[in-house]
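Just so it is clear, none of the values below were taken in a lab; they were calculated from the coordinates. Just so we're clear, the structure is a prediction, and the values are computed from it rather than from any experiment. All Cβ positions, glycine included, derive from the backbone under ideal geometry; neighbour counts span all protein chains shown.
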Amino acid sequence: MNTPATDLTYRDATPTDIDALVTLIESAYRGDTSRTGWTTEADLLDGQRTDPEGVREVIAKPDGRLLIVERAGTVVACCQLEHRGTHAYFGMFAVSPALQGEGLGKQIIAEAERQARESWGATEMHMTVISAREELIAWYERRGYRRTGRTTPFPYGDERFGVPRRTDLEFELLVKTLD
């Protein structure tokens, strides 16, 4: 599907996309490259954000999809959608750092919400965000998400999720009612 305003194309990821997706996700969240954008976690975490096996697992989930966003044939963003009963889960959201701040994120999350509503009849979208990411949480709140106060511990010791630079990391559940 093309979106005329930004000339974005959305499609489901396939195993041939794994390397490009890992590169995109890592560039948006980890290392010096991620500092080009505003979504970096480089001050909170070292190490990786994901790996080929993690992306492969998301693509293979029977009740989910990894949505690729392309502009002019180049992967510029992605997000995970997973059907979980009456709600959908939104995760693995990454926009190329060079394109952050151009409004792509707003359009992509709106499209993800639309697809969750129309494909699965989801009435809510859920996501988890590192609670120390106040600027990111504020961005989601401006999109209609609300903080629930429900948290889960960060998986310390599991380097597949990164190497924490702080001892107080946890994930907070954010929820939005889908109209």
What ranking do LEU81, LEU99 get, fewest neighbouring Cβ atoms within 10 angstrom at the top? LEU99, LEU81
Taking MET92, MET125 and counting other beta carbon atoms within 10 angstrom, the fewest-first order is MET92, MET125
Contour minus Cα-Cα span, ARG11 to ASP43, at 0.36 nm per residue, comes to 8.3 nm
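Could you please rank SER131, SER96, placing first whichever residue has the fewest other Cβ atoms within 10 Å of its Cβ?
Arranged by neighbour count, lowest to highest, SER131, SER96 become SER131, SER96.
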For ARG143 and THR74, FRET efficiency with R0 = 22 Å and r from the beta-carbon atoms, rounded to 0.05? 0.30
For region 80-176, which trypsin sites (Lys or Arg not before Pro) are both in a DSSP coil and crowded by at most 15 other Cβ atoms within 10 Å? ARG143, ARG165, ARG166
